[in-house]
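So the structure is just underneath, and the comments pick up after that.
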Amino acid sequence: YASAVASTLTDDEKAGLLQMREEEKLAHDVYLQMYKKYQKRIFSNIMVSEQKHMDSIKKLLDKYEIEDPAAGKEVGVFTNTEIQALYDELLEGENSLKDALDVGVQIEELDIADLESLRSKTDNPDMLTVYTNLLNGSLKHLSAFTSQLERL
């Protein structure tokens, strides 16, 4: 039965879940670092939300018996080399609260684009539900970062 469950996903669907697991970890880990540096509630609130996003994807990885790329990884450590490079780049270019908020905007815009793309490539009800919930969360996060930037 278990292998029948796993085989119901296409390679692209599996790749999408792996990508989003690490993309949500990237957001979580970046916002953790920003919170440590600036002690602004926006970063801790959205970091908590990103953990929930990670957990949602993890449930799908478990259900479809896909190895978790984030398992045992410390903050700022990723399996996907592109996501690792992006994490390093985002933290490297951040030197002020405004930069940190801009980084938040960049991360959420990336998440939104990727989630919209992944939603268009699946008809799996579990994945569509999770991707839609994550998309709605990212839209709220983007709005929060944008309004903080406007206030600065």
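Counting the residues of region 35-58 that are buried (at least 16 other Cβ atoms within 10 Å of the Cβ) and of a type in the set (Asp, Glu) gives 1. If GLY76 meets every condition in (1) surrounded by fewer than 21 Cβ atoms within 10 Å (Cβ to Cβ); (2) within 23 Å of ASN136 (Cβ to Cβ); (3) of a type outside the set (Phe, Trp, Tyr) apart from one, which number is that one? All conditions are met except number (2).
The residue pairs whose first member lies in region 96-114 and is of a type in the set (Lys, Arg), whose second member is at pLDDT below 95 and surrounded by fewer than 17 Cβ atoms within 10 Å (Cβ to Cβ), and whose beta carbons are closer than 6 Å, counting only pairs six or more residues apart or on different chains, are LYS98/LEU152.
Is it the case that LEU61 is over 29 Å from THR146 (Cβ atoms), surrounded by 15 or more Cβ atoms within 10 Å (Cβ to Cβ), out of contact with any His (no Cβ under 7 Å at 6 or more places or on another chain) and touching a residue at least 40 places away in the same chain (Cβ under 8 Å)?
Working: over 29 Å from THR146 (Cβ atoms): yes; surrounded by 15 or more Cβ atoms within 10 Å (Cβ to Cβ): yes; out of contact with any His (no Cβ under 7 Å at 6 or more places or on another chain): yes; touching a residue at least 40 places away in the same chain (Cβ under 8 Å): yes.
Answer is yes for this residue.
No other residue among THR146, THR129, THR122 is among the β-branched types (Val, Ile, Thr), part of a helix (DSSP H, G or I) and more than 21 Å from PHE43 (Cβ to Cβ) apart from THR129.
Condition test on GLU89, is it part of a helix (DSSP H, G or I), open to solvent by 50 Å² or more (accessible area, probe 1.4 Å) and either over 16 Å from HIS28 (Cα atoms) or out of contact with any strand residue (DSSP E or B) (no Cβ under 7 Å at 6 or more places or on another chain) (or both)? Break it down into steps so the answer makes sense when it comes.
On the way: part of a helix (DSSP H, G or I): yes; open to solvent by 50 Å² or more (accessible area, probe 1.4 Å): yes; either over 16 Å from HIS28 (Cα atoms) or out of contact with any strand residue (DSSP E or B) (no Cβ under 7 Å at 6 or more places or on another chain) (or both): yes.
Here the answer is yes, as GLU89 does meet what is asked.
Annotation: of all residues in region 3-34 being aliphatic (A, V, I, L, M) and out of contact with any Phe, Trp or Tyr (no Cβ under 8 Å at 6 or more places or on another chain), the one that is surrounded by the fewest Cβ atoms within 10 Å (Cβ to Cβ) is ALA4. Consider region 115-152 and keep the residues that are within 16 Å of SER49 (Cα to Cα) and of a type in the set (S, T, N, Q). The one that is least open to solvent (accessible area, probe 1.4 Å) is SER138. For region 66-91, a tally of residues being at positive phi and without any contact (Cβ under 8 Å) to a residue 24 or more places away in the chain returns 1. If we keep just the residues of region 92-114 that are of a type in the set (D, E, K, R) and either in a loop (DSSP other than H, G, I, E, B) or more than 15 Å from the chain's Cα centre (by Cα) (or both), which is surrounded by the fewest Cβ atoms within 10 Å (Cβ to Cβ)? Checked region 92-114; the qualifying residue surrounded by the fewest Cβ atoms within 10 Å (Cβ to Cβ) is GLU92.
The values are calculated or read from the model by the stated rules, or taken from the named source; none is laboratory data. Remember, predicted model here, so these are calculated numbers, not experimental data. In this analysis, Cβ positions are derived from the backbone assuming ideal geometry, glycine residues included, and neighbour counts consider all displayed protein chains. All accessible areas refer to the heavy atoms of the entire protein, side chains included, with ligands and DNA or RNA removed. Shrake-Rupley method; radii C 1.70, N 1.55, O 1.52, S 1.80 Å.
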